[in-house]
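Values quoted throughout were computed directly from the atomic coordinates according to the rules given, and no laboratory measurement underlies them. Nothing here was measured: the structure is a model prediction, and the numbers come from that model. Counting neighbours? That spans all protein chains shown, and the Cβs are built from the backbone with ideal geometry, glycine included.
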Amino acid sequence: MATVPQHDSSHKEPLSLAALLKDIDALQSIVASWNEQQRNTVEALRHAIDALHREAFTRLIRALKDDPAAAGRLREAASDEVVYAVLRHLEILKPSLDERLQQALDSVRPYLREHGGDVELVAVEPPDTVTIRLTGACDGCPASGLTLSAGVEKAIREHCPEITNIRKARGHGGGSVNVDFVSPFASMDETGWIALTTLDDLPDGDIRILEAEGRSLLLWRSGERVQCYENACAHLGMPLDGGELENGVLTCPYHGFQYALHSGECLTAPEVQLQAHGVRVVNGHVEVGLA
Ligand code: FES
């Protein structure tokens, strides 16, 4: 039978968060073995104590926050792990930006991992910018632009509305080269595919500009693979048709930005890329899933 943890109240050193949580965990495992009525009573007691603490801390903070010096000390105190954990538990403090970013990435990881990929947070530059990196099979995936915009970026924007600038760092280069050109997020949804053309109508090694839903799309075929991008240069958004194409590298006719069409990567400014759309070829028909 689990034993009730005993505290030595004479200790001088502050206890760590881990030590304090260990005691709580030990007590919770004892309570878990009690009958339902006893467990409900303990739960009600916990709620009541939390409500009391929440009210007391809220009043304390309210009383101090108008004094700039006291407000500064409060912010400092809130960075202490124990203070932060208690204020978060009582829902007085909202989750930090880091915490919400991790929640956002965790929410899309199952989809990425299903396809052998993952995402990592590279840098946070408050108040509005983060840099992320796709890894594994997502690294170098020609549809990673779609993967980002449809999945990871959406999750970040939902969890962290203050983040308006999401940058993508270069991958580690470990991704598979034989990736499917349909991104995990595009393939999640069986609806929404637009039949655009046929494989036979796309000249191998060349581009074609087609319209769908009022958008101008750039398609590039290389053998059996087809890539689809928004027909808009990442520099100033100008159309890319008329640009020079050589060995799968397209040069924007306006200011010369160059793009590797197998991935959408911009060779002139590696921090940007063409906006990719999902593509699949079904019985010779080329269908696109717009991002
Ligand atoms: S608009 Fe394409 S390089 Fe400037």
*³J(HN,Hα) computed for each position of the range 281-290 - Karplus, 6.51 cos²θ - 1.76 cosθ + 1.60, integer Hz, glycine/proline x*: 10, 10, 6, x, 9, 8, 10, 10, x, 6
*Could you go through the range 92-101 in sequence order and give the Karplus-derived ³J(HN,Hα) for each residue, using 6.51 cos²θ - 1.76 cosθ + 1.60 with θ = phi - 60°, rounded to whole Hz, and x for Gly and Pro?*
7, 9, 7, x, 5, 4, 4, 4, 5, 5
*Long-range Cα-Cα pairs in the range 17-89 (distance over 17 Å), rounded percent*: 58 percent
_Give me the net charge for the shell around D204: Cβ to Cβ below 14 angstrom, other residues only, Lys and Arg +1, Asp and Glu -1._
-1
*Low-density loop positions, chymotrypsin sites (Phe, Trp or Tyr not before Pro), the range 204-291 - DSSP coil, at most 16 other Cβ in 10 Å*: Y254
_Can you compute 3J(HN,Hα) from phi for each residue in the range 52-64, using the Karplus curve 6.51 cos²θ - 1.76 cosθ + 1.60 with θ = phi - 60°, rounded to whole Hz and x for Gly and Pro?_
5, 5, 4, 5, 5, 5, 4, 5, 4, 5, 4, 5, 9
*Per-pair calculated FRET efficiency, R0 = 41 Å: L17 and Q38 via Cβ, rounded to 0.05*: 0.90
*For S216, what charge total do you get from the other residues with a beta carbon under 14 Å from its beta carbon, if Lys and Arg give +1 and Asp and Glu give -1?*
-2
*Length added when fully stretched, A26-A269, from 0.36 nm per residue minus Cα-Cα*: 82.0 nm
_Cα principal axis extents for the range 192-289, largest first, Å_ = 38, 27, 22
*Non-local amide H neighbours of T135 (under 5 Å, H modeled in plane, Pro and chain starts lacking H): which ones?*
D118, V119, E120
*Neighbour-limited loop hits for GluC sites (Glu not before Pro), the range 182-285 (at most 15 other Cβ within 10 Å; DSSP other than H, G, I, E, B)*: E190, E213, E224, E271
